[in-house]
Every structure is written in structure tokens, then in C-alpha cells.
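The values are calculated or read from the model by the stated rules, or taken from the named source; none is laboratory data. None of these values were measured; they are calculated from a predicted model. Using ideal geometry, Cβ is built from the backbone for each residue, glycine included, and neighbour counts are taken over all protein chains shown.
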Amino acid sequence: MDIAAILAQIVGGAIGGTAGGKVVKDSDLGQIINLIVGAIGGIGGGALLGPLLGGAGTAAAGGVDIAALATQLVGGGVSGLILQVVIGLIKNKLLAR
């Protein structure tokens, strides 16, 4: 995995985590924590979802494979959103007691 794919996963995860905090109000952890949790989820989930979504493409002639990067971005975004919502809901339910 190259650095461009990892950066796409981080960016996608950060966007997904931020969106998760806004969409599911009970999971909001604050903007910075949503972003960090989403980025962490983006790296882990993007690595898992990328090959499943077909993002394991290779760059032709040393160039950048835009389709593979887009897949990494989407995979990172989805997994970042999921991780942020799960952690946010668990944390907020535990503190509500």
C-alpha cells in the first residue's frame, strides 16, 4: 500500500467521522474527536474495504490510479463514519448513566 492510498483513507475517514457526528446526534463527540476517530477508522477500514471494493488497482507507467484512490477514499469514509458512530454511541450511553 502506498502513501497516497493511506492519505486517501485518512481524509475519507476524517470526513466520514465528522459527518457521523453531525448525522447521528447521539454519537457526537465534538468536532476534533469525531475527526480523529474517523481518521483512525478510515485507515483500518479502508485497508479492509479497499480490496473488497476493487481498490487494489495498480498505477500504469508509474502514475496515480485515480479509481483506486477514489475507492480508498470511499472505503475510508464509510469505515470512519461507522467507527465514529459506534464509539460515540457507546461513550455517550455510558456517560448518560
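Values computed for the structure shown
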{"item": "Residue match in segment 44-62 (condition: modelled with pLDDT of 95 or more, surrounded by fewer than 23 Cβ atoms within 10 Å (Cβ to Cβ) and over 10 Å from the mean Cα position of the chain (by Cα))", "result": "no"}
{"item": "Pairs where the first residue, in segment 3-23, is modelled with pLDDT under 95 and the second is not in a helix (DSSP H, G or I), C-beta under 6 Å, 6+ apart", "result": "Gly21/Asp28"}
{"item": "Search result, residues across segment 24-43 that are among the β-branched types (Val, Ile, Thr) and either modelled with pLDDT under 95 or part of a loop (DSSP other than H, G, I, E, B) (or both)", "result": "Val24, Ile43"}
